[in-house]
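Trainee: One structure follows; several queries about it will come next.
Coordinate-derived values only; no laboratory data. Bear in mind the structure is a predicted one, so any value in this text is a computation, not a measurement. Here Cβ is always computed from backbone atoms with ideal geometry, including for glycine, and neighbour counts include all displayed protein chains.
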Amino acid sequence: MLPDELTRLIAEFRKLPSVGLKNATRYAYAVIDMDDAEFESFVTALTDAKAHIRFCKQCGDYTDQEICPRCQTADPSTICVVKEPRDITAIEKTGCYQGLYHVLHGTLDFQKGIGADRIRIKELMDRLEGVKEVIVALNPDMSGEMTAAYLGNLLRPLGIKVTRLAHGIPMGCEIEYADELTLMRALNDRKEY
């Protein structure tokens with residue numbers, strides 16, 4: 001029998017994505033085994049991140065400022081639309097994209113009741129002045145494909161070029177788990193939608 005506090009700590013770690021019982025237990029023991037200085041540093045990092053990190057008012061990525069540095073300096077003629085902030089990190093690793101990003105914070109899924117009003121499509125539409133191309137970089141699954149088609153139908157009549165990542169990324173794969181070479185080829189070989 002584990003102490004109640006340890007059981008609760010393990011349960012909290014299990015709430016993190018992709019953390020099963022074994023890893024949650026390892027994390028809990030690691031925290032308990034920290035000396036006081038390590039523990040204080042860990043708690044401070046968690047507290048500071050929660051207190052200071054928020055969404056950029058323009059792109060929806062995580063930042064500690066009102067407007068993230070990328071939105072202030074990137075090429076404004078292209079916007080790359082992604083599902084989640086972690087997808088930006090994956091694309092940035094390729095080093096081949098210089099434009100803006102827009103995070104939808106989800107994709108359309110009518111079976112789950114997620115319509116256009118529940119993701120950041122309106123905010124994207126508000127950012128289109130001077131934009132020549134929108135790259136749709138969503139996961140190649142049913143929900144991503146449905147959202148890409150929806151965005152294409154919205155944007156093409158406005159005279160904006162709409163492209164989609166090439167299908168070098170296999171169906172069902174999450175963008176954040178694709179390797180840099182696959183993402184770089186997909187970005188370089190994107191096709192008009």
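Trainee: If exposed GluC sites (Glu not before Pro) are those in a DSSP loop with at most 13 other Cβ within 10 Å, what is the longest stretch of the chain that has none?
Mentor: By the stated rule (loop sites, at most 13 other Cβ atoms within 10 Å), 1-65.
Trainee: For a quick check: with amide H placed at 1.01 Å from N, whose amide H comes under 5 Å from I114's, ignoring anything fewer than 5 positions away on the same chain?
Mentor: HN-HN under 5 Å from I114: D109.
Trainee: Looking at the chain as a GNM with Cα springs under 10 Å, which of I169, I121, I32 has the largest mean-square fluctuation?
Mentor: Judging by the Gaussian network model, the answer is I32.
Trainee: Each residue of the range 38-51 in turn: what ³J(HN,Hα) in whole Hz from Karplus with 6.51, -1.76, 1.60 and θ = phi - 60°, glycine and Pro shown as x?
Mentor: 4, 5, 4, 5, 4, 5, 5, 4, 5, 5, 5, 4, 5, 7
Trainee: Taking every eigenvalue of the Cα gyration tensor of the range 1-53, multiplying by 5 and rooting it, what semi-axes result, largest first, whole Å?
Mentor: On the way: eigenvalues 83, 45, 17 Å².
Value: 20, 15, 9 Å, ordered largest first.
Trainee: 5 Å is the cut-off here: which amide hydrogens, built 1.01 Å from N in the peptide plane, fall below it relative to D141, excluding neighbours closer than 5 in sequence?
Mentor: Hits under the 5 Å cutoff: G172.
Trainee: Defining a contact as two alpha carbons under 8 Å apart and six or more residues distant in sequence, what relative contact order in percent does the range 93-193 show? Don't skip to the answer; put the middle values down first.
Mentor: Numbers: 114 pairs, mean separation 28.1, N = 101.
Rounded, it is 28 percent for the range 93-193.
Trainee: May I ask you to give the average projected area over all directions of the convex hull of the Cα atoms of the range 93-177, in nm² rounded to one decimal? Let's see the in-between values first.
Mentor: Values: hull surface 24.1 nm².
Average of the hull's projected areas for the range 93-177 equals 6.0 nm².
Trainee: Right, here's the next one. Cα-Cα over 26 Å: which of K15/K112; K112/K161; K57/K191; K93/K122; K93/K132?
Mentor: Details: K15/K112 21 Å; K112/K161 30 Å; K57/K191 29 Å; K93/K122 28 Å; K93/K132 24 Å.
In this structure, K112/K161; K57/K191; K93/K122 exceed 26 Å between Cα atoms.
Trainee: If you line up the Cα atoms of the range 1-125 on their principal axes, what length do they span on each, largest first, in Å?
Mentor: Largest first, the range 1-125 extends 58, 39, 27 Å along its Cα principal axes.
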